[in-house]
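Data block below; observations after.
The values are calculated or read from the model by the stated rules, or taken from the named source; none is laboratory data. What you see is a predicted model; the values in this text were computed from it and never measured. All Cβ positions, glycine included, derive from the backbone under ideal geometry; neighbour counts span all protein chains shown. Note: areas computed on protein heavy atoms with side chains; ligands, DNA, RNA excluded. Shrake-Rupley method; radii C 1.70, N 1.55, O 1.52, S 1.80 Å.
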Amino acid sequence: MATSPSTKLFTLCSILMAALFAYSASVQLNDPDWYFWFPLYSCGGVVNLMNCKVSCTQIRRAALVTLWLGIFLFLKVVFEGFMISRSGFWSLDLSKRLVREKTGSGLVVASMVLHLLSLHETTHAMPRKNKELRSYSYISYGMAILACFSFGLPFFFFVIMHGELKFDHNE
């Protein structure tokens, strides 16, 4: 059975997201709150790597746990940002720790949602093939957009804008 171009695109983007989450997990080890972020990025990377290579039930469970952890941490960071009020909700200033954490948790949440949608489409696509395969293409394009945003935002911010990372944990 040949794989469709949208399946190949989804797989490629999943591998890219897994690499990004693995890198993100590795740089969390020197953070004071690493115990929140290391599991989030590690689980996000693992789910992206599993990408239909193991049973759908295992991926679904891991994706759901990671999704809820990501939502919790996203809300934590947003609440912390409003309490400190140093950066707005829509800020993409990656020199600020809270913005990096908000963006990272948002990327994990978006990735897990796309994986859960992908699992739903692949497990329910047998009877009405054309409509589901078309929506699976949209899920693949969503993953491609997410991967482009994930790699493009830091490139734009740190290479083009010449920003500097601030590692002040008190902001």
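Tabulated results
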| quantity | calculated |
| --- | --- |
| Any hit, segment 87-94, residues being at pLDDT 85 or above and either open to solvent by 50 Å² or more (accessible area, probe 1.4 Å) or not small (Gly, Ala, Ser) (or both) | no |
| Neighbours by Cβ (under 9 Å, 6+ apart or cross-chain): first from segment 144-169, over 15 Å from Ser24 (Cβ atoms) and surrounded by 14 or more Cβ atoms within 10 Å (Cβ to Cβ); second at pLDDT 55 or above and among the aromatic types (Phe, Trp, Tyr) | Ala144/Phe10; Gly163/Phe157 |
| Subset of segment 8-55 [modelled with pLDDT under 90 and surrounded by fewer than 15 Cβ atoms within 10 Å (Cβ to Cβ)] | Lys8, Leu29, Asn30, Pro32, Asp33, Lys53, Val54, Ser55 |
| Test for Leu165: is it at pLDDT below 85, in contact with a helix residue (DSSP H, G or I) (Cβ under 8 Å, 6 or more places away or on another chain) and either of a type outside the set (Ser, Thr, Tyr) or outside any loop (DSSP other than H, G, I, E, B) (or both) | yes |
| Complete set of residues in segment 22-78 that are assigned to a loop (DSSP other than H, G, I, E, B), free of Cβ contacts under 8 Å to residues at least 60 places away in the same chain and out of contact with any helix residue (DSSP H, G or I) (no Cβ under 8 Å at 6 or more places or on another chain) | Val27, Asn30, Asp33, Lys53, Val54, Ser55 |
